[in-house]
Amino acid sequence: PHPIWNEDDVNSVEITHVEPTKFRDKLAYWSIQFLRFNFDLFSGFKFGERDEQKWLSRIIFLESVAAVPGMVAAMTRHLHALRRMRKDYGWIHTLLEEAENERMHLMTALELKNPSVIFRATVLVTQGIFVNMFFFGYLVSPSFCHRFVGYLEEEAVKTYTKCLEDLDSGCLPVWEHMKAPPIAKNYWNLMDGAMMRDVILAIRADEAHHRLVNHTLSTMDEESRNPYKPGAKKF
């Protein structure tokens, strides 16, 4: 299960920030800032007009990366539980829920754009590097990795908020009149007549939820019980 947001939920999402205090947190935060700055620069997102195709390219690439941490963390905890013959304390289902949720963001965007061979190759290389780095990072410090993802999700909320601003200001005229793809309507249980704006709102709410979950998990001991039940709605 995953959260199903209502209108009040999606419209109450705010940009928030957890101030880094420990060295681990500062390293996670500045790593994300470094990655975002360079991605914005080399992807050309900082330059020219932002139209629907530019937004789709950004969303597809970022979601192909964002779906990695939850799956890698869940797999690592699963193997730890098997090898150590102990309980997982309910973390695995939340991490898998996050991974599947991010993958559905990607699947929704792919309904609107078919990436080129070069784009797909770039995703392949990036994913290969990131999967291995995150796996080894999670073995060393799960708390660092969850804080890293928490800051990643902070940036995701900013990104989708900016997308909504572009949409509302008339910079995305195609999406302004586009109905939500069927896959999005089914997944988020959107009402009949839902538009692309409703899809972006739902995705942003998901990212805000992941933001809270990962910041929370980063402060917890590995053997503490996960406070989030399947389908929990919190951000």
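The values are calculated or read from the model by the stated rules, or taken from the named source; none is laboratory data. Only a predicted model underlies this, so the values are computations on that prediction, with no experimental measurement involved. We place every Cβ from the backbone using ideal geometry, glycine too, and count neighbours over all the protein chains shown. The protein model used for the area step is the full one, side chains on, heavy atoms only, and it has no ligands, DNA or RNA in it. Shrake-Rupley method; radii C 1.70, N 1.55, O 1.52, S 1.80 Å.
Note that the chain presents 52 Å² accessible area per residue, ligands and nucleic acids not counted, probe 1.4 Å. For the chain, set up a GNM with springs between Cα atoms under 10 Å and report which of R36, R84, R211 has the largest fluctuation. Comparing R36, R84, R211 in a Gaussian network model of the chain, the most mobile one is R84. If one takes the longest principal axis of the Cα atoms in the chain, at what angle in degrees, from 0 to 90 and to the nearest 10, does the Cα axis of helix 23-42 lie? Helix 23-42 sits at roughly 30 degrees to that axis. Bridging of K46 to lysines at a Cα separation below 18 Å is possible for K54, K158, K162, once same-chain residues fewer than 8 apart are set aside. Using Cβ point charges alone (K and R +1, D and E -1), the dipole size of the chain about the Cα centre works out to roughly 920 debye. The distance separating the Cα centre of the stretch 42-94 from that of the stretch 126-182 comes to 8 Å.
For F23, F45, give the ranking by accessible area with the largest first, probe 1.4 Å. Write down the numbers at each step before the final one.
Numbers: F23 160, F45 25 Å².
Largest to smallest exposure gives the sequence F23, F45.
Which of the aspartates and glutamates could a cross-linker span from K179 if the Cα-Cα distance has to be under 19 Å and same-chain partners fewer than 8 positions apart are dropped? Within reach: E7, D51, E52, E111, E165, D166, D168, D192, D198.
The fraction of accessible area contributed by carbon and sulfur in the stretch 1-68 is 60 percent, rounded to a whole number (1.4 Å probe; ligands and nucleic acids excluded).
Would you please name the GluC sites (Glu not before Pro) within the stretch 8-98 that are DSSP coil residues with at most 11 other C-beta atoms within 10 Å of their C-beta? Qualifying residues, ordered by number: E14, E49. Only one of (1) 59, 46, 35; (2) 80, 47, 42; (3) 54, 37, 34 was calculated from the structure for Cα extents along the principal axes in Å, and its label is (3). Across the stretch 209-214, computed HN-Hα scalar couplings (Karplus, 6.51 cos²θ - 1.76 cosθ + 1.60, θ = phi - 60°) run 5, 5, 4, 5, 4, 6 Hz from first to last residue, x flagging Gly and Pro. In order along the stretch 81-86, phi translates into HN-Hα couplings of 5, 5, 5, 8, 6, 9 Hz, rounded to whole numbers, per the Karplus curve 6.51 cos²θ - 1.76 cosθ + 1.60 with θ = phi - 60° and x for Gly and Pro.
Taking H93, H78, H105 in turn, the Gaussian network model of the chain (Cα-Cα springs below 10 Å) assigns the largest fluctuation to H78. Under a 5 Å amide H cut-off, with hydrogens placed 1.01 Å from N, M195 pairs with A180 among residues at least 5 apart or on other chains. A crude spin-label estimate for the pair E222 and S116, with each label 7 Å from Cα along the Cβ direction, gives 4.4 nm.
If the segment from L124 to N186 were pulled out straight at 0.36 nm per residue, it would be longer than the present Cα-Cα gap by 19.5 nm.
Dipole magnitude for the stretch 100-235: computed about the Cα centre from +1 point charges on Lys and Arg Cβ and -1 point charges on Asp and Glu Cβ, it is near 160 debye.
Can you give the calculated 222 nm mean residue ellipticity of the chain, where each DSSP H run of n ≥ 4 adds -39,500 (n - 2.57) and the sum is split over every residue, rounded to the nearest 500 deg cm²/dmol? That calculation yields -23000 deg cm²/dmol at 222 nm. Taking other residues whose beta carbon is less than 11 angstrom from the beta carbon of S169, and scoring Lys, Arg as +1 and Asp, Glu as -1, yields -2.
Could you calculate the contour length gain from H78 to F135, that is, 0.36 nm times the residue separation minus the distance between their Cα atoms, to one decimal place in nm? Before the final figure, lay out the partial values.
Details: separation 57, 0.36 × 57 = 20.52 nm, distance 1.28 nm.
So the chain would gain 19.2 nm between H78 and F135.
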